[in-house]
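Read through the structure below, which is laid out as C-alpha cells, and then see the notes.
Only the coordinates and a few stated rules stand behind these numbers; no lab work does. What you are looking at is a predicted structure, and each value in this text was computed from that prediction instead of being measured. Quick reminder, even Gly has a Cβ in these numbers, built from the backbone with ideal geometry, and neighbours come from all protein chains shown.
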Amino acid sequence: MNKEQICETLSARIENENLKLPKQIDFGISDSVLYLKIEGSAVRDNMQTDGSAFEGWSICIKSYFPEIKNVEINWDLPLYSTNTQVRQRQEKHYNRFLLRVLFFSRHYNWFNIHKSKKDTIRLFSEYHSNLLINYPTKGTEKVSGKGKINKGEAKLERLVMDKLRKSVPVTDHQLPVGLFDGEVKSKRACTPRGASQIDLWQIDKDVLRIFELKDETNNKVGIISELMFYANVMNEVNKGRIKYPQSIETATDYRNIQYLYRSVNKEIINRIEAVFLVYTLHPLIEYNLDMILDIINDGMDADAISFKKILVTDIISI
C-alpha cells in the first residue's frame, strides 16, 4: 500500500476528505511493516511540524491498520543553511530529531531504525552521553517577553496555571528542557534551548505531571511528538541519566525549580503523567483516541510514563 492509498483509507475511515499526510514523509505498508522515509529538510525542522513529527504519524497510522506489526524509519541526511545562525539552529533540531529516534526505539519494540542509520544513532548516543538540562533563570513576569503575557496561549497558560494550583499548589509553567553536552553554555547546546520549555507542570505527591497546552486553533499531530519528547527527557532526569548542572544548588528558585530539583534528588517522583491539554485534537487522533492512547501507553517504560487527554474547558471551568 503506497502513501496515496494509505491517505485514502484514513480519509474514508474518519470521513474527512481534507485529510493530508505530510509531503516531507513517504509512507508505505508492506508485509505488516509501516515504512517511513523522511526528507532531509524535515529532520532539521521543529518537532511539532508535520514533516518532522514521525512519532505522531507512526502511532496514528498504526492505530488504523491492525495488520501493521512493526514500523521502520529512514531519513535523508540534512543539508544546512550557509547562514551561521540558521545553520546552528538547524543542527540543534537535527540533534533533537536523533534523540527522539533513540527514545522512540528504546520505548517501543515495534519501532525499528533502518540499517543504514543504525551507526548514525549509535555514534550520536556515544558522543552525547553526558547531557545536562537547563533551568529557569527568570521569573514568571519575564517569561513571555514584553507585551505578550496577556495574549494568545501565554494568557491561556496563566489562566490554566491558576486553576490547576487550586488543587495542586506546586504547579508552574515554562519548564526548560534544553540539553547541553557537559556544560550549560550556549556553545555546548545539543538541542534547542531558549524556546524549548514544557508549558505547564506540577508535582502531585509522587507524580510529576507535565502538560502540552494548545489553544482552539492548534490541533496538529505534532502534539504527540512534543509531549513524548518532554516526557522522555523528564523521565531521564528523574532516573539520573540526564542531570541538572551543579550551579542549580545555589540558583534562585524561579518557578518552583528548587522543589522539582529536590524531588528528583530525594527520589520522591515515582512516575510521570503526560497530558494533552487541548480544546480538540487532530481528526486522526480524536477519532481513534482510545486506541492511540493504548499504543502510546504500552511502551517498555509504561510503569514510569503514562499519557492522557484533558480538555482545557474542563480546567478553566473549575
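Relative contact order, percent, of the chain when contacts are C-alpha pairs under 8 Å separated by at least 6 residues?
18 percent
Which residue fluctuates the most in the chain, going by a Gaussian network model with Cα springs under 10 Å, if the choices are Lys243, Lys187, Lys308?
Maximum fluctuation in the GNM of the chain, among the listed residues, is at Lys187.
The chain: D in µm²/s via Stokes-Einstein (Kirkwood Rh, Cα pairs, 25 °C, 0.890 mPa s)?
120 µm²/s
Which residue fluctuates the most in the chain, going by a Gaussian network model with Cα springs under 10 Å, if the choices are Asp45, Asp294, Asp119?
The residue that fluctuates most here is Asp119.
Rounded to the nearest Å, what's the spacing between the alpha carbon centres of segment 86-147 and segment 161-223? Just the number, please.
Their Cα centres are 15 Å away from one another.
Quick one: among Val221, Val86, Val275, which has the greatest mean-square fluctuation in a GNM of the chain with alpha-carbon springs under 10 angstrom?
Ranking Val221, Val86, Val275 by mean-square fluctuation puts Val86 first.
Which parts of segment 241-270 would a label at Ser129 reach, counting a residue when its backbone N lies under 16 Å from a point 7 Å out along Cα-to-Cβ?
Counting only backbone N, you get 241-243.
For an R0 of 41 angstrom, estimate the FRET efficiency from the Cβ-Cβ distance between Lys115 and Glu286 and round to the nearest 0.05.
With R0 = 41 Å, the Cβ-Cβ based efficiency is 0.70.
With just the Cα atoms of segment 131-316, tell me how far they stretch along each of the three principal axes, in Å, largest first.
So the three principal-axis extents are 46, 43, 34 Å.
What is the total of Lys pairs in segment 219-312 with C-alpha atoms under 22 Å apart, excluding same-chain pairs fewer than 8 positions apart?
Eligible lysine pairs with Cα atoms under 22 Å apart amount to 5.
Among Gly28, Thr82, Tyr127, whose Cα lies farthest out toward the positive end of the dipole of segment 3-127, if unit charges sit on the beta carbon of Lys, Arg (+1) and Asp, Glu (-1)?
The Cα lying farthest towards the positive end belongs to Tyr127.
Convert each backbone phi in segment 173-184 into a coupling constant with the Karplus relation 6.51 cos²θ - 1.76 cosθ + 1.60 (shift: θ = phi - 60°), then list the ³J(HN,Hα) values in order as whole Hz, x for Gly and Pro.
9, 6, 8, x, 9, x, 10, 9, 8, x, 7, 7
About the Cα centre of segment 131-316, what is the dipole size in debye to 20, counting +1 per Lys and Arg Cβ and -1 per Asp and Glu Cβ, all else neutral?
Magnitude of the dipole: close to 860 debye.
Let's see if you can work this out: charge +1 on each Lys and Arg Cβ, -1 on each Asp and Glu Cβ, no other charges. What is the dipole magnitude of the chain about its Cα centre, in debye to the nearest 20?
Details: 45 positive and 42 negative charges, 259 e Å.
Charge dipole, the chain, about its Cα centre: 1240 debye, nearest 20.
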